[in-house]
DNA sequence: AACGCGCCCTGTCCGC
DNA sequence: TGCGGACAGGGCGCGT
């Protein structure tokens, strides 16, 4: 589910609700979502720790502990992080981890498909992990020149390239397709074949669609909820994703769907070349 | 060694 | 109503 705008919304919601809270206890009903640790060690590492900061890197939600450790949550396809005082918290039917806080509330990690992962990273391990993730597309470091020089080195279809977190971090299948529509570029185009004008348009399209989606609190197709249990509002503003057969909003040509790299790609055959 | 594919898992929807 | 197949926001590990 969650791409950058969804992870950003969750992080902001949780910051408002539980930043500064202290973990009293941890239970892990589905320990297969833990990475590099077991439930016992995980609970021992976190009990008594304060959530000093809450943020995001790429599609990951990050909790910085008062002792410098970090809890990194990758939400996979169906992961949710919500607080137990959310109106619909009782509807969570696939709670994989539960963090009981000293104020009496719980932070729930619910994940139907269990593609999500939680791990604890000490400072050195975090630095190593951070270095493996690419540029933040909404940061000042993500310039049109930076995008250009990175795309020039790859023969992959540009849609696949956008999904690779080592180059640009936080873009998933929805926003990759949406950014390519805005740029007028077909998803199958080899990354290195983009003209300068096209990579510039892609740079702008990525920043635009991601910023607008953050403002709308993300896209809910089915499972996604923010940290307070609310669905995102961006879905009605998707221009190609999930619209196969429907009219292009710019030229009325039917939107096409093709599958490659084991995922669907959507595009307008007239507007995108 | 960059790249493409199968697979991990559960739920839902659609056609028969 | 039941059943099989396709499909879903991600990412790892494998073979080439």
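Against the numbered list (1) surrounded by fewer than 22 Cβ atoms within 10 Å (Cβ to Cβ); (2) outside any loop (DSSP other than H, G, I, E, B); (3) in contact with a helix residue (DSSP H, G or I) (Cβ under 8 Å, 6 or more places away or on another chain), residue A:8 comes up short only at (1).
Scanning segment A:197-215 turns up at least one residue that is within 16 Å of DNA strand B (Cβ to nearest atom) and buried (at least 17 other Cβ atoms within 10 Å of the Cβ). Being loosely packed, with under 14 Cβ neighbours inside 10 Å, within 11 Å of DNA strand C (Cβ to nearest atom) and assigned to a loop (DSSP other than H, G, I, E, B), is that true of even one residue in segment A:228-238? So far as segment A:228-238 goes, no, none of its residues is loosely packed, with under 14 Cβ neighbours inside 10 Å, within 11 Å of DNA strand C (Cβ to nearest atom) and assigned to a loop (DSSP other than H, G, I, E, B).
If you go through segment A:65-84 and keep only what is touching a helix residue (DSSP H, G or I) at 6+ places or on another chain (Cβ under 9 Å) and free of Cβ contacts under 8 Å to residues at least 24 places away in the same chain, you end up with just A:65. A Cβ distance below 6 Å, combined with a sequence gap of six or more or placement on separate chains, defines the contacts here; from segment A:144-160, residues that are assigned by TED's automatic domain parsing to the domain that holds residue A:198 reach residues that are within 16 Å of DNA strand C (Cβ to nearest atom) and in a helix (DSSP H, G or I) in the pairs A:154/A:161; A:159/A:176.
Restricting attention to segment A:27-53, report how many residues are in a strand (DSSP E or B) and buried (at least 19 other Cβ atoms within 10 Å of the Cβ). Break it down into steps so the answer makes sense when it comes.
Residues of segment A:27-53 that are in a strand (DSSP E or B), as a first pass: A:27, A:34, A:50-53.
Keeping just the survivors that are buried (at least 19 other Cβ atoms within 10 Å of the Cβ) gives A:51.
Residues meeting the conditions: 1.
Select from segment A:142-162 the residues that are in contact with a strand residue (DSSP E or B) (Cβ under 8 Å, 6 or more places away or on another chain) and more than 9 Å from DNA strand B (Cβ to nearest atom) and list them in ascending order. Once the filter is applied, which keeps residues that are in contact with a strand residue (DSSP E or B) (Cβ under 8 Å, 6 or more places away or on another chain) and more than 9 Å from DNA strand B (Cβ to nearest atom), segment A:142-162 yields A:142, A:146, A:147, A:150, A:158, A:159, A:162. Condition first: near DNA strand C (Cβ under 10 Å from one of its atoms) and either over 15 Å from residue A:268 (Cα atoms) or assigned to a helix (DSSP H, G or I) (or both). Can you find one or more residues in segment A:178-186 that meet it? The answer is no, given that none of the residues of segment A:178-186 is near DNA strand C (Cβ under 10 Å from one of its atoms) and either over 15 Å from residue A:268 (Cα atoms) or assigned to a helix (DSSP H, G or I) (or both). One residue stands out in segment A:239-273 among those that are under 18 Å from residue A:183 (Cβ atoms) and touching a helix residue (DSSP H, G or I) at 6+ places or on another chain (Cβ under 6 Å): the one that is nearest to DNA strand B (Cβ to nearest atom), namely A:265.
Every residue, every condition in (1) more than 16 Å from DNA strand C (Cβ to nearest atom); (2) closer than 17 Å to residue A:13 by Cα; (3) buried (at least 18 other Cβ atoms within 10 Å of the Cβ), yes or no:
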residue: A:82; (1), (2), (3): no, yes, yes
residue: A:96; (1), (2), (3): no, no, yes
residue: A:104; (1), (2), (3): yes, no, no
residue: A:110; (1), (2), (3): no, yes, yes
residue: A:114; (1), (2), (3): no, no, no
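Taken over segment A:165-196, the criterion of being surrounded by fewer than 24 Cβ atoms within 10 Å (Cβ to Cβ) and touching a strand residue (DSSP E or B) at 6+ places or on another chain (Cβ under 6 Å) is satisfied by A:173, A:186, A:188. Of everything in segment A:256-273, what is free of Cβ contacts under 8 Å to residues at least 40 places away in the same chain and over 19 Å from residue A:202 (Cα atoms)? Give them in sequence order. Selection gives A:256, A:257, A:259, A:262.
The values are calculated or read from the model by the stated rules, or taken from the named source; none is laboratory data. A quick note: this is a predicted structure, and the numbers were derived from the prediction, not measured. Methodologically, a virtual Cβ is constructed for each residue, glycine included, from the backbone with ideal geometry; neighbour enumeration extends over all protein chains shown.
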